[in-house]
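Taking it in order: structure first as structure tokens, then the write-up.
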Amino acid sequence: MDGCLFCKIIAGEIPSAKVYEDDCMYAFRDINPQAPTHILVVPKEHIPSMDGVTAENSAVVAKIFEMIPKIAADEGLTGGYRVISNCGPDACQTVKHLHFHILGGRQMADRMA
Ligand code: 5GP
Ligand code: ZN
């Protein structure tokens, strides 16, 4: 989608630190990490947010959720990790392309918000 930062990253027009890629998803390191490990996993298809998940495109979300534990294991997150998707202004979503944050490598706060 024109003007979408993550679509440009997926297309290689903006450099990123790739962690994993296949035909339907791309995973890369967050530019402003909030934990020792902070990875973003995005569908290659432009879906604006969780609100854009439908019966037609939810298969990619399922595939992302199959891959997240493998990425976490490859990153050595043996103590656990947190997965977050911010949706909309109340959740402070800043990039309007569906993405899942994987956060780990330290003890997380027990409150999420
Ligand atoms: P959100 O706030 O929408 O849930 O998350 C967007 C995330 O994208 C933020 O954690 C932010 O640091 C990250 N981000 C923004 N711009 C870039 C970029 O150009 N490259 C990378 N790798 N991450 C970015
Ligand atoms: Zn996009």
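The numbers here are math on the coordinates, done by the rules we state, and not lab data. Keep in mind it's a predicted model, so treat the numbers as computed, not measured. Please note: Cβ atoms are built from the backbone with ideal geometry, for glycine as well, and neighbour counts cover all protein chains shown.
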task: Determine, from the Cβ-Cβ distance of ALA73 and ASP2 and an R0 of 35 Å, the FRET efficiency 1/(1 + (r/R0)^6), rounded to the nearest 0.05.
output: 0.45
- line: So the angle from the long Cα axis of helix 58-74 to the longest Cα principal axis of the chain, reported in degrees to the nearest 10, equals 30
query: Under a Cβ-Cβ cut-off of 11 Å, what is the net charge of the residues other than GLY88 that fall near it, where Lys and Arg count +1 and Asp and Glu count -1?
result: -1
- prompt: For the range 1-112, what are the per-bin percents of Cα-Cα distances with bins 10 Å wide, up to the bin holding the maximum?
  reply: 14, 48, 34, 5
- line: Looking only at aspartates and glutamates whose Cα falls under 17 Å of LYS44's and that sit 8 or more positions away or on another chain, we get ASP2, GLU13, GLU21, ASP22, ASP23, ASP30, GLU56, GLU66
- request: Only helical DSSP H runs with n ≥ 4 go in: add -39500 (n - 2.57) per run for the chain, normalise by residue count and round the 222 nm mean residue ellipticity to 500 deg cm²/dmol.
  value: -6000 deg cm²/dmol
query: Taking the highest mean first, how do the peptides 86-92, 98-104, 40-46 order by number of other beta carbon atoms within 10 angstrom per residue?
result: 98-104, 40-46, 86-92
task: List every residue whose amide H lies under 5 Å from the amide H of SER49, counting only residues 5 or more places away in sequence or on a different chain, with H placed 1.01 Å from N in the peptide plane.
output: LEU98
- prompt: Of LYS63/LYS96; LYS18/LYS70; LYS70/LYS96; LYS8/LYS70; LYS18/LYS96, which ones are farther than 18 Å apart at the Cα?
  reply: LYS63/LYS96; LYS70/LYS96; LYS8/LYS70; LYS18/LYS96
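Quick check: convex hull over the Cα atoms of the range 1-47, volume per residue in Å³, rounded to an integer?
Spelled out: Cα convex hull of the range 1-47, divided by residues, is 77 Å³.
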